[in-house]
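Written out below as structure tokens is the structure these notes cover.
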Amino acid sequence: MKRIFLSGFMLMCSLVSYGQNTISMDAKGSDQKISRHIYGHFAEHLGRSIYGGFYVGEDNTTIPHTNGVRNDVIAALKKLKIANLRWPGGCFADTYQWKDGIGPKSERPTIVNTWWGNVTEDNSFGTHDFLNMCEELGTEPYLAANIGSGTVQDVMDWVQYVNFEGESPMSKLRRENGREKPWNVKFWGVGNEAWGCGGNMQPDYYADEYRKYATFMAGWTNEGGLYRIASGANSADYNWTETLMKNIPSSMVSGVALHHYSVIDWSAKGPATGFSEQQYFTTMQRALFMDELITKHSAIMDKYDPEKKIALVVDEWGGWYEVEPGTNPGFLYQQNTMRDAMIAGATLNIFHKHSDRVRMANLAQTVNVLQAVILTEEEKMLLTPTYHVMEMYNVHQDATLLPMTVKSNDYVMGNEKLPAISASASRDANGLTHVSLVNIDAKQKQEVTINIEGGNYKTVSGRILSSKNVGDFNTFESPNKITPQAFKGAKLKGNNLTVTLPPFSVVVLEMK
Ligand code: AHR
């Protein structure tokens, strides 16, 4: 009797501490690929993103660089395998006159960046600098064209300048500026946030503007055609997506964008570090809302495009907090903690799940702005927890999605709850299966049982990103405080995998 009571008590304890998270994974696969372009990044002329972040100038003698672009940043981004890079904005894009950024640097006009701190911009980083940097990084450029304050002619000229091989006024100018072959840029944003900083337009007016610009851009393509992306909705503005899908012929658009930031409250964003558990919980609530957003925007797109030819392009996402104390409020410089690692891991799992419709995305932003993967301070550089998650997850790029059904315990905060666990899985071209797991619970470890259907795996290994406190972050003095470590908490028995996830941790497993 005593023994029965004791084993019952022990069972109860294990339920309380671990709970019952169960996942079923279909190892037979699917016809769905996870596009590598979900792993895109974003570099705006904003604060210390371009100047000081990517670019330190050709004449810099203290920071090692290649044509003015920091070597440490190039090496880190190559390792990250960033699939595409969006530039020059953001809000800045709809004020950017691309012709200001070509030709001899000493002759380029100086402008004022009215969106971000009213700072002087000398245009020393322009089209050639950006596109050559993309070649160096092995990433595809994604240019955001100015339709807010730029003319149709300006946009046509830009496409012609960067893409046209034959003899034309703009290809001649490109050659005069030192570049013989076109770069053949495929991804083009037709404006940015047209509902806001891109011109405060109504959706049907923007749809007409889109049609006009998209028409004339198309005349200057070489191989493969242009992948034109319409400026999309602000979070839950479903009417925006509906109006665009109704009014833009599918032959004229490859992607419709969506912007969603994990912000607690636009008027009280809270600090990037030293936040409370309630602030952490609310940030995660905003991040997980991405699932509902994609589901609802996709349902609208399905009505007009049941074959899913048009992608949902989440070209701005990430956490947004108060700037670091003492820094320029217009520079959006924020630290990056384990909270950001949770946003990154959970959001990528959501993108994977919806990879039939979400085929491109851009984290905002790459260096020194918002949820950055890299921070710099003069000659110093550090990789943030977000960087490490994106690096661990890059094994999913262009891999086949293995469908999952996730039953999660709750992470409870007062009267509210969120699923503690999120997960996704894929099989790569070499036959390796990768499973990504996130436990956002700030206090409880979680034991997860994964039932594998149709697999025959013999070994499992993995890496984990975790830390002592959810508010922990890397500093220039201690840049390796948070880095991925070998993970020993997964056990494989036949078709049954059990994984113990510490609180606020990200794990990526590899199975053969
Ligand atoms: O990423 C910062 C800003 O957020 C972008 O410039 C704009 O598109 C968005 O509102």
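What to note about this one:
- Failed item, numbered, when VAL435 is tested on (1) open to solvent by 70 Å² or more (accessible area, probe 1.4 Å); (2) in a strand (DSSP E or B): (1)
- The residue pairs whose first member lies in the range 174-196 and is more than 18 Å from PRO88 (Cβ to Cβ) and among the hydrophobic types (A, V, I, L, M, F, W, C), whose second member is open to solvent by 10 Å² or more (accessible area, probe 1.4 Å) and not in a loop (DSSP other than H, G, I, E, B), and whose beta carbons are closer than 7 Å, counting only pairs six or more residues apart or on different chains, are TRP195/ASN234.
- Residues that are under 28 Å from the mean Cα position of the chain (by Cα) and surrounded by fewer than 17 Cβ atoms within 10 Å (Cβ to Cβ) do occur in the range 138-148.
- Any hit, the range 407-426, residues being open to solvent by less than 10 Å² (accessible area, probe 1.4 Å) and within 30 Å of ASN328 (Cα to Cα): no
- Within the range 239-255, residues that are touching a residue at least 24 places away in the same chain (Cβ under 8 Å) have Cβ atoms under 7 Å from residues that are assigned to a helix (DSSP H, G or I) and of a type in the set (D, E, K, R) in these pairs: THR243/ASP204; ASN247/ASP204; ILE248/ARG211; MET252/ARG211, counting only partners at least 6 apart in sequence or on another chain.
- Scan of the range 323-343 for residues that are in a helix (DSSP H, G or I) and either open to solvent by 10 Å² or more (accessible area, probe 1.4 Å) or within 16 Å of the ligand (Cβ to nearest atom) (or both), ordered by number: PRO329, GLY330, PHE331, ASP340, ILE343
- Residue list for the range 184-210, restricted to those being open to solvent by 30 Å² or more (accessible area, probe 1.4 Å), part of a loop (DSSP other than H, G, I, E, B) and away from the ligand (no atom under 16 Å from the Cβ): ASN184, LYS186, GLN202
- Of the listed requirements (1) open to solvent by 30 Å² or more (accessible area, probe 1.4 Å); (2) of a type outside the set (Asp, Glu); (3) part of a loop (DSSP other than H, G, I, E, B); (4) in contact (Cβ under 8 Å) with a residue 40 or more places away in the chain, GLY455 misses just one: (1).
- Residues within the range 103-127 that are within 15 Å of the ligand (Cβ to nearest atom), open to solvent by 80 Å² or more (accessible area, probe 1.4 Å) and assigned to a strand (DSSP E or B), tallied: 0
- Complete set of residues in the range 398-434 that are of a type in the set (S, T, N, Q) and over 26 Å from GLN444 (Cα atoms): THR400, SER426, ASN430, THR433
- Members of the range 265-291 found to be surrounded by fewer than 15 Cβ atoms within 10 Å (Cβ to Cβ) and without any contact (Cβ under 8 Å) to a residue 24 or more places away in the chain, listed by number: ASP265, TRP266, SER267, ALA268, SER276
- Unique match (being open to solvent by 10 Å² or more (accessible area, probe 1.4 Å), of a type in the set (S, T, N, Q) and at pLDDT 95 or above) among ASN394, ASN368: ASN394
- If you go through the range 211-243 and pick out every residue that is away from the ligand (no atom under 16 Å from the Cβ), assigned to a loop (DSSP other than H, G, I, E, B) and open to solvent by 30 Å² or more (accessible area, probe 1.4 Å), you end up with 4.
- When residues in the range 62-102 are screened for being open to solvent by 50 Å² or more (accessible area, probe 1.4 Å) and under 28 Å from GLN153 (Cα atoms), 3 of them pass.
- For GLY462: the one exception among (1) surrounded by 20 or more Cβ atoms within 10 Å (Cβ to Cβ); (2) free of Cβ contacts under 8 Å to residues at least 60 places away in the same chain; (3) over 21 Å from MET392 (Cα atoms): (3)
- ASN480 falls short on exactly one of the conditions (1) more than 25 Å from the chain's Cα centre (by Cα); (2) open to solvent by 70 Å² or more (accessible area, probe 1.4 Å), and that condition is (1).
- Cβ pairs under 7 Å, 6+ apart, first in the range 35-63 and over 12 Å from GLY90 (Cβ atoms) and of a type in the set (A, V, I, L, M, F, W, C), second within 16 Å of the ligand (Cβ to nearest atom) and at pLDDT 95 or above: ILE38/MET360; ILE38/ALA361; PHE54/ALA43; PHE54/VAL367
- Filter result (part of a helix (DSSP H, G or I) and either under 20 Å from ALA486 (Cβ atoms) or more than 14 Å from the chain's Cα centre (by Cα) (or both)) within the range 382-399: PRO385, TYR387, HIS388, VAL389, MET390, GLU391, MET392, TYR393, ASN394, VAL395, HIS396
- Whenever a residue of the range 325-337 is under 15 Å from GLY52 (Cα atoms), its partners that are of a type in the set (Gly, Ala, Ser) and within 15 Å of the ligand (Cβ to nearest atom), lying with C-beta atoms within less than 8 angstrom and at least six residues away or across chains, give the pairs ASN328/GLY47; ASN328/GLY117; PHE331/GLY47; PHE331/GLY117; LEU332/GLY47; TYR333/GLY47.
- Total residues in the range 81-102, condition outside any helix (DSSP H, G or I) and within 11 Å of the ligand (Cβ to nearest atom): 4
The values are calculated or read from the model by the stated rules, or taken from the named source; none is laboratory data. All values derive from a computational prediction rather than experimental measurement. In this analysis, Cβ positions are derived from the backbone assuming ideal geometry, glycine residues included, and neighbour counts consider all displayed protein chains. Ligands, DNA and RNA are excluded from the accessible area calculation, which covers all protein heavy atoms including side chains. Shrake-Rupley method; radii C 1.70, N 1.55, O 1.52, S 1.80 Å.
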